[in-house]
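Inspection log for the structure reproduced underneath, given as structure tokens.
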Amino acid sequence: MSRKYYQEEYETMPRDKIRELQSKRLVEQFKYVYDNVEYYRNRCKEAGVTPDDIKSIDDLDKIPFTCKDDLRATYPYGLFAVPRKEVVRIHASSGTTGKQIVVGYTKGDLDIWDDCAARQLVAVGADEDDIVQDAYGYGLFTGGFGIHGGATKLGCQVIPISSGNTQRQITFMQDLKSTVLCCTPSYAAYLGETLKEMGLTPKDIYLKAGIFGAEPWTEEMRRDIEKSLGLKAYDIYGLTEVLGPGVAFECSEQAGMHVNEDHFIIETIDPKTGKRLPDGEKGELVFTALTKKAFPLMRFRTKDIGVLNVEKCKCGRTFVRMSKPMGRTDDMLIIRGVNVFPSQIEEVLLKQGYAPNYQIIVGRENNTDTFEVKVEMTPEKFSDVIAEVKAQETKLENALLTILQIKAKVTLVAPKTIERSEGKAKRVIDTRKLHG
Ligand code: ADP
Ligand code: ZN
């Protein structure tokens, strides 16, 4: 019988005690960040807030926000709160203009991350007997390493296969008898289809649970994946700026993701006014890291829209549950698990000598995202020789791949054929219907 919780003391702590713990940690952490991050200290000074003003969690809304632009402005090390040599790991994700943002971890931070990820694994029923096939991308992306650390700490056998090489994934599922699969939901769906194409059924593999996140997915997709791979599928939420996978995790109830509240405070705010909203009202999710040391963000605005539920969960955990993200307040797209900003695409086009007349078309076929960029040729670049057009398309595809890290299909069209709009240009056509 596997254990029910990884750290029961925290996961089932009465809510008033959680609040007390958060309050104490917030006061200490605010002072720590104020003292150690000059950029943020200046932000606080502008807002007229000092550590003396933050006496308990009731003062939370006096604390200035941090947002992605702050990470860009301080790239690479400007928001780090420890000396460089205490940083033992760097991860990165894309910024809005193609510039990476980087985050870092101390040994202690990695330990916290491992715990958060281990809680997720235990919540899906995993223990030392399990074989975890970690098919999230390894590298600067937090997915692969995040799950890896939690699974190792829990004592599972980890297969660090990373994403891709789909047939080998299935072969390993059969030969090594993996019991838990971790990857993006779209890759899980693709693996399910491949299994079928290979003439196999879920009976030929041993998976019992899947931990799928890093991008939006629907309940319908969940059921499809569960059927095609013969497992129970769980959602996991995270973001590079805050931690990576394991900020919030789903339990056996599959009804919202428990936020690891001993390490993070979550709030919902009105994205327009920045005012805090009561629990249960839909708003932008904001996180404060309470225990991280290398890259401790205060009130980080995620731009994800969601709702919080503080009702006690049937699983016994008391941590607040966040809904699946229901959309974003910015124009970031998540395509095959990778963050893509239209501005990154525009920048590439301009650099390559095109005008900003383009359309991004995202869809989903067989549970995999399709990604096309339609670009108008300029009169100077215009050609009706097929080979020339093809060569131009390939050149653009390569330039986009370098910046975005995923492949887009580029289609060049004749000048003046993309519809001009009178208001805001409709540059993105996304037919995926990801939010239920
Ligand atoms: P990750 O490694 O989790 O992909 P990124 O920083 O690249 O981290 O992207 C974070 C964003 O991914 C979040 O702000 C959110 O929009 C999206 N995301 C992460 N997990 C989920 C999830 N389970 N469901 C929907 N969207 C998610
Ligand atoms: Zn629960």
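The values are calculated or read from the model by the stated rules, or taken from the named source; none is laboratory data. All of these numbers come straight from a predicted model, not from anything done at the bench. Positions of Cβ are generated from backbone atoms using ideal geometry, with glycine treated the same way; all protein chains shown enter the neighbour counts. SASA here: full protein model, heavy atoms, side chains in, ligands and nucleic acids out. Shrake-Rupley method; radii C 1.70, N 1.55, O 1.52, S 1.80 Å.
Listing for the model above:
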| item | result |
| --- | --- |
| Whole-Å distance, taken between Cα centres, linking region 276-297 and region 1-69 | 9 Å |
| Distance violations [Cα-Cα > 29 Å] among LYS303/LYS374; LYS293/LYS351; LYS232/LYS312; LYS203/LYS433; LYS324/LYS390; LYS227/LYS409 | LYS293/LYS351; LYS203/LYS433; LYS324/LYS390; LYS227/LYS409 |
| Cα Rg, Dmax, region 178-279, angstrom units | 16.3, 55 |
| Accessible surface, per residue, of region 1-157 when the full set of protein chains is kept, probe 1.4 Å, Å² | 45 Å² |
| Distance histogram for region 1-41 (every C-alpha pair counted, 10 angstrom bins, percent rounded to whole numbers) | 25, 30, 25, 16, 4 |
| Where chymotrypsin sites (Phe, Trp or Tyr not before Pro) fall in DSSP loop in region 1-92, at most 14 other Cβ within 10 Å | TYR77 |
| Debye intensity ratio I(q)/I(0), log10, region 277-436, q values 0.09, 0.11, 0.20 Å⁻¹ (C-alpha model) | -0.44, -0.61, -1.29 |
| Proximal aspartates and glutamates relative to LYS17, as straight alpha-carbon distance under 12 Å, when same-chain residues fewer than 8 apart are discounted | GLU9, GLU261, ASP262 |
| Inverse of mean 1/r across different Cα pairs in the chain, Kirkwood, Å | 22.9 Å |
| Residue-level accessible surface for ASP304, protein heavy atoms, 1.4 Å, Å² | 20 Å² |
| Percent carbon-and-sulfur accessible area, the chain, ignoring ligands, DNA and RNA, probe 1.4 Å | 51 percent |
| The chain: calculated mean residue ellipticity at 222 nm from DSSP helix runs of at least 4, using -39500 (n - 2.57) | -9500 deg cm²/dmol |
| Among SER323, TYR34, ALA289 - extreme Cα towards positive end, dipole of the chain, charges at beta-carbon | TYR34 |
| Accessible-area value, ARG223, 1.4 Å probe, nucleic acids and ligands omitted, Å² | 110 Å² |
| Rg(Cα) / (2.2 N^0.38 Å) computed for region 1-85, rounded to two decimals | 1.38 |
| Ranked order, LEU401, LEU79 - accessible area, probe 1.4 Å, largest first | LEU401, LEU79 |
| Å² of accessible area per residue within region 258-350, as computed with a 1.4 Å probe and no ligands counted | 34 Å² |
| For region 51-178, alpha-carbon Rg and Dmax in angstrom | 18.4, 60 |
| Long-range amide H partners of ASP369 with built H, under 5 Å | ARG336 |
| Computed label-point distance, nm, for sites ARG41 and LYS227 using a 7 Å Cα→Cβ extension | 5.9 nm |
| Label-point gap, in nm, between THR417 and GLN352 - each point 7 angstrom along Cα→Cβ | 1.6 nm |
